[in-house]
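Report on the following structure.
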Number of protein chains: 4
Amino acid sequence: MIVVMEQGASSAQIDHVIERIKSLGLAVHLSKGEYRTVIGAIGDKRPEHQSILEAIDGVEQVVPIMKPFKLASREFHRGDSVVDVGGVKLGGGPVALIAGPCAIESRQFLRTVAGQVRAAGAAVLRGGAFKPRTSPYSFQGLGEDGLKLLREVGDEFKLPVVTEVLAVSEVPIVERYADMLQIGARNVQNFHLLSEVGKTRKPVFLKRGFATTVREYLMSAEYILSQGNQQVVLCERGIKTFETELRFTFDVSAVPVLKQNTHLPVFVDPSHASGHRQFVLPLALAGVAAGADGVMVEVHHCPEEAMCDGPQALLPDMFVELSKQVAAVAAALGRSMVKPL
Amino acid sequence: MIVVMEQGASSAQIDHVIERIKSLGLAVHLSKGEYRTVIGAIGDKRPEHQSILEAIDGVEQVVPIMKPFKLASREFHRGDSVVDVGGVKLGGGPVALIAGPCAIESRQFLRTVAGQVRAAGAAVLRGGAFKPRTSPYSFQGLGEDGLKLLREVGDEFKLPVVTEVLAVSEVPIVERYADMLQIGARNVQNFHLLSEVGKTRKPVFLKRGFATTVREYLMSAEYILSQGNQQVVLCERGIKTFETELRFTFDVSAVPVLKQNTHLPVFVDPSHASGHRQFVLPLALAGVAAGADGVMVEVHHCPEEAMCDGPQALLPDMFVELSKQVAAVAAALGRSMVKPL
Amino acid sequence: MIVVMEQGASSAQIDHVIERIKSLGLAVHLSKGEYRTVIGAIGDKRPEHQSILEAIDGVEQVVPIMKPFKLASREFHRGDSVVDVGGVKLGGGPVALIAGPCAIESRQFLRTVAGQVRAAGAAVLRGGAFKPRTSPYSFQGLGEDGLKLLREVGDEFKLPVVTEVLAVSEVPIVERYADMLQIGARNVQNFHLLSEVGKTRKPVFLKRGFATTVREYLMSAEYILSQGNQQVVLCERGIKTFETELRFTFDVSAVPVLKQNTHLPVFVDPSHASGHRQFVLPLALAGVAAGADGVMVEVHHCPEEAMCDGPQALLPDMFVELSKQVAAVAAALGRSMVKPL
Amino acid sequence: MIVVMEQGASSAQIDHVIERIKSLGLAVHLSKGEYRTVIGAIGDKRPEHQSILEAIDGVEQVVPIMKPFKLASREFHRGDSVVDVGGVKLGGGPVALIAGPCAIESRQFLRTVAGQVRAAGAAVLRGGAFKPRTSPYSFQGLGEDGLKLLREVGDEFKLPVVTEVLAVSEVPIVERYADMLQIGARNVQNFHLLSEVGKTRKPVFLKRGFATTVREYLMSAEYILSQGNQQVVLCERGIKTFETELRFTFDVSAVPVLKQNTHLPVFVDPSHASGHRQFVLPLALAGVAAGADGVMVEVHHCPEEAMCDGPQALLPDMFVELSKQVAAVAAALGRSMVKPL
């Protein structure tokens, strides 16, 4: 850390900071400029230290040098991590498609969509059984019945399945049925839930929050990793900004920024980012062109009957087109597609 | 709802929308302009309807007319709700101060701060036993031991106590010790947790998320209210924007906007909004001047020893000054202060 | 427009709104729901009308139905506009590269860069002679001397040239030397300057402001078009958000949103969006994959000697690589590259 | 400046940075930690240096220590600057009200409003003659005729006048008629215009841009100050965020942050920040409570006839109430009001 003292800080204030740094077990490196004194605190490893030093009188700012995440970092693990989801490998080069409906609505419906997306190249099936809804009066999902359907249909179509877990209490049941546990954007800083899925042996699909910086996002991944679960997949799904044409602003630059900082696979979710099906294709292509390891999209064969998020669901033939174009862009950049099992 | 059709929508598309509106049990009101057809859907009460209509081909946008929150709205309850926290009344006119340390660190420490803030006019004591921390490597709070200390010290100093609950599993224990349960910014859309505290009989102090719109925030309050718990206090604590001088951007206009839309009391938390103690006073005054029902602040007599958020903790004499100036501004606007018990 | 009255609006208030709508020369369409009255105002063409109606007591909100831009809209001109820049065609399918240094520094330097970027496939040369700098103490550009060099080198290497114009007073001189006039992000709502370049016969390269919505951006284009100049090229170059890893957040979704709304060519500028050269390539690819008509990038053979924006300048061999990969992605999506003259 | 090298930077890279720092005339201070090397560059005064060092291979980040603004800083001028506007003193303690219509519409109209706001305590009259409008099809103001009316009515009612200047070419004429020149939010980084008003001898009312950081804002003030004009008044008027209930998000914390960093007077404009008259009062009070030197508001006696921004105009009796309450809050905080001449 580097402690920048206020212009005009007294020598008593400077001495006090130096002593405090030493009391934290760190080495001190003093540098006096014409206007300001700057004090290096060397050897720092504790996230609290910054806050402790900032709280001292005469300190203008404290600049951290080390990144606060460790297990998630490229420094910790140079190569690309590959996450195994029921036999499907995510990360490490090839591009994967995860597709399915927003919510699981019925067996017949889910079988229809599963068949369509697998035929078009999806390697993993998505579908929500527990739905986080802004309104308490909205459809909240089929719960365990939905999980059973998802498992059954996944097995039938040889598609490993991913589904969202909303609460610590649901972790055991979701873990029983799913091949990968999804943490939604609204729970990205639900630290109890992160720790809990970190204790399972199932991969975790961790979506970025819509107001989470890349740095905070990697700290959330760190919560899972620090519990011993190394199987984490990240996913950019749009952030909140002043621009309101689409539901969120798709932060495509998060893809290369994440890839530079972490070894974990990075996906994109253009369905939630845009909220409108006609924008899903260009954003999916943008994500893959920027280096994403895969794309998660929502597909529904009758969106106006969908129990949630109908406007953003791709029709099956739109997904066929997306799959083709994603494969073309991937090939242009020397990358293959992950084949379904 | 108002459905705006795309320019050039076909009459088949228009007819389909009309039929779909009718099938949802709503009345239809058709209006054809020179360029666009607009269709009113009258009688709407279900949040899903907007999404269903938006998913239909030829629909450009759907504009909701009714607000999505009900129990939280001024239409539902005209007057100001007053929330009783262990005998202290929040809302309805007078201005209240809630103060205490970020985290409960020890009995002696908590007694010192409690005595100081009560003497200066605080009516409720705050203190964290379960701490949500961005880093898994940071201090996570004293847990139940902290709750016991908080209860004990609150009783000694006749200060009702509020403390954060992070998970559904912690609700029973926090409910046992605290007079009011706090939901932190990161859990504002943790819908399970909202529902769970909605089932308790303790008041809930619900902080706004740093990327939650006023509308989404009121939907989160609605989750609690819809479970039967009418005792909800709202609190603006800063949102994320491009401006980085302070930790967050204090959205003071949320105070009058919330007061216009809801009957629930609205507090401000200038400590978390600013992140620096020298800005807590002006933001507290701004909040009260804008109509807030009270202020929550963090106080610590030795911030550089604080186990979290030392830089934003007021020193005890700064809190004395804040209390005086808040009272002066309140009086200037014809409002009194809530006295400690 | 649709006027939504407040719940509980009086019939006098409703009558007054109806009369006011009629006085504006619009037809009225009344719709009374159980809770709210909604009044359609049909035939609206003036941007002021919304504001007039919003100002009336009892009005809750006014929802515009028509888009405020006309000449820029797809409704006005269905096909893709193609803009001719000194013989190079921008828009209409093929992908073009515009490259060059941030600032023109010297003849020899500019010749070096121009030769390199042309050899690698750039069709237009960029370079700043008048530089908008945040600090009054920074290098402000070579002025007319720079323009002369740009013209001379552009002619030598058969590269049409684009350069920024900062002020109305500079329009004549920039018009004399350049093939396309650039309006920078900070001037996107400098309406005088927009009108002035609208009166020239040179194409205009109009960058999006970093806090400009897509809608406001198209209104800025409308200023130019309304003066009779139909040759406008748009360019997304990053917006301001809470995320600070890169200089701006590259809003790649603006590309398809703009393409849906307007016939004008849409470029991307990944250099300014990212601020760091290692992120220019993935963002350029993302932009093209999302449908951009071209890419503008900064190139410098010795960035640490650059007089501005060195960190974001591509080294010449990085531009060669970018050109190859952009061409590959374009080809994968069935698009060709614009060849240099 | 502090240069943080990448983890794993080679000694050749480190040596190169050291040499480059020396070549810029700065002293070097080297500090090697376990993982990273940090190099202090001491004596820095040029804004370009940061960018030059960031452009070098192996450099992870460059942290500036000195603030980039000088003449605007508290370090340069410890006390509060007082700006004299036609005899009315702004800044230095007392709170001033600037009021008037958005646009000057006619003599009779302006006389009515001027009489009303003066009687209620406004010390300066505002009114737009040149209007920056998002749409080229909107009313653009009365131009010089408006300026003449403003001067005439200001003189009649003994109210110094402030009006916006949009372009360099308008500076001489606006300077002739107005006592203070206003630079609007959209021109806050129109550096030519800033320099030009910096060459006049009239005070400048510089509004913050809606996407301008406090730091960038002070750099814009620096442009004016660096031309020799020390009479600059700042004004917070709302920034763009994800929250859309009001037109902008009023960044009240900018008031104390600015006051800490600069000696210039700081006003607030709650009319533009909110866009709705019912929110102007609470935001005005918040601004003053947070330490603002004054409030600028729009007043119109018949908002639904207003040629622009009717929804945000206060009715005259609302302004009377605002004036009373602002005075009460100011008095509560030991501050007086600036009296009209």
Identity and axial distance of the chain A residue whose Cβ lies nearest the axis relating A to B, Å | A:Ala211, 1
Helix axis angle, B:144-156 relative to chain B longest principal axis, alpha carbon, degrees = 70 degrees
For helix C:280-289, report the angle its Cα long axis makes with the longest principal axis of the Cα atoms of chain C; keep it between 0 and 90° and round to the nearest 10°.
-> 50 degrees
Take the alpha-carbon centre of segment D:45-111, take the same for segment C:73-122, and report the distance between them in whole Å.
-> 37 Å
To the nearest 20 debye, what charge dipole does segment D:2-63 have about its Cα centre, counting +1 at the Cβ of each Lys and Arg and -1 at the Cβ of each Asp and Glu?
-> 240 debye
By counting other Cβ atoms within 10 Å of each Cβ, how are A:Met296, D:Met318, B:Met1 ranked from fewest to most?
-> D:Met318, B:Met1, A:Met296
If we hang a label 7 Å off Cα along the beta carbon direction at D:Glu19, how far is it from the matching labels on the other copies, in nm, shortest first?
-> 4.5, 7.9, 8.4
The farthest towards the positive end of the charge dipole of chain A, of the residues A:Leu142, A:His192, A:Gly334, given +1 on Cβ of Lys and Arg and -1 on Cβ of Asp and Glu, is A:Gly334
Remind me, what semi-axes does segment C:262-317 give for its equivalent ellipsoid, largest first in whole Å, using sqrt of 5 times each Cα gyration tensor eigenvalue?
-> 23, 11, 9
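For chain D, what is the charge dipole size about the Cα centre, in debye to the nearest 20, if Lys and Arg each add +1 at the Cβ and Asp and Glu each add -1 at the Cβ?
780 debye
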Here the correct list, in nm and shortest first, of distances from A:Glu60 to the same site in the other copies, label points 7 Å along Cα→Cβ, is 2.3, 5.1, 5.3
Within the protein assembly as shown: Cβ-based charge dipole about Cα centre, in debye rounded to nearest 20 (Lys, Arg +1; Asp, Glu -1) | 0 debye
P(r), alpha carbons of chain B - 10 Å bins starting at zero, rounded % = 6, 24, 30, 19, 10, 8, 3, 0
Which of D:Ile14, C:Ile173 has the fewest Cβ neighbours within 10 Å, and the rest in rising order | C:Ile173, D:Ile14
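Based on other C-beta atoms within 10 Å, arrange A:Ile65, B:Ile104 from fewest to most.
So the residues, fewest neighbours to most, are A:Ile65, B:Ile104.
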How big is the protein assembly as shown by Rg and Dmax over its Cα atoms, in Å?
-> 30.3, 87
Can you run phi through the Karplus equation (6.51, -1.76, 1.60; θ = phi - 60°) for segment C:99-112 and list ³J(HN,Hα) in whole Hz, with x for Gly and Pro?
-> 9, x, x, 4, 10, 6, 10, 6, 4, 4, 4, 5, 4, 4
In Hz, Karplus ³J(HN,Hα) per residue of segment B:184-194 (6.51, -1.76, 1.60; θ = phi - 60°; x = Gly, Pro) = x, 4, 6, 9, 5, 10, 8, 5, 4, 5, 4
Whichever aspartates and glutamates have a C-alpha closer than 20 Å to that of A:Lys324, once near sequence neighbours (fewer than 8 apart) are set aside = A:Asp269, A:Asp293, A:Glu298
For segment C:81-96, take each phi angle, set θ = phi - 60°, evaluate the Karplus expression 6.51 cos²θ - 1.76 cosθ + 1.60, and give the result in whole Hz per residue in order, putting x for glycine and proline.
-> 6, 10, 10, 9, 10, x, x, 8, 9, 10, x, x, x, x, 9, 10
Dividing the helical contributions, -39500 (n - 2.57) per DSSP H run of n ≥ 4, by the residues of the protein assembly as shown yields a 222 nm value, nearest 500 deg cm²/dmol, of -10000 deg cm²/dmol
Please name whichever of B:Ser51, B:His29, B:Ala9 sits farthest to the positive end of the charge dipole of segment B:2-63, dipole taken about the Cα centre and charges placed at Cβ: Lys and Arg +1, Asp and Glu -1.
-> B:His29
Please list, or write none, the lysines whose alpha carbon is within less than 27 Å of the alpha carbon of C:Lys148, excluding same-chain residues fewer than 8 places away.
-> C:Lys89, C:Lys131, C:Lys158, C:Lys199, C:Lys202, C:Lys207, C:Lys339
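Rg to Rh for segment D:2-63: what is it, with Cα atoms only and Rh by Kirkwood? Write down the numbers at each step before the final one.
On the way: Rg = 10.4 Å, Rh = 11.3 Å.
On the Cα set of segment D:2-63, Rg over Rh gives 0.92.
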Separation in nanometres of the label points that stand 7 Å from Cα toward Cβ, at D:Glu6 and C:Lys148 | 4.2 nm
Any chance you could check the Cα centroid distance between segment C:1-18 and segment D:170-243 for me, in angstrom?
-> 40 Å
How far is helix B:316-332 tilted off the main Cα axis of chain B, in degrees rounded to 10, range 0 to 90?
-> 50 degrees
Sorting from shortest, the nanometre distances separating the label point of D:Ser169 (7 Å past Cα along the line to Cβ) from those of the same residue in the other copies are 1.2, 7.1, 7.2
Check: C-alpha center segment D:127-151 vs C-alpha center segment A:127-144, spacing in Å is 53 Å
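Every number in this text was worked out from the coordinates using simple rules, so none of it is lab data. Owing to the predicted nature of the structure, the values given are computational and were not obtained by experimental measurement. All Cβ positions, glycine included, derive from the backbone under ideal geometry; neighbour counts span all protein chains shown.
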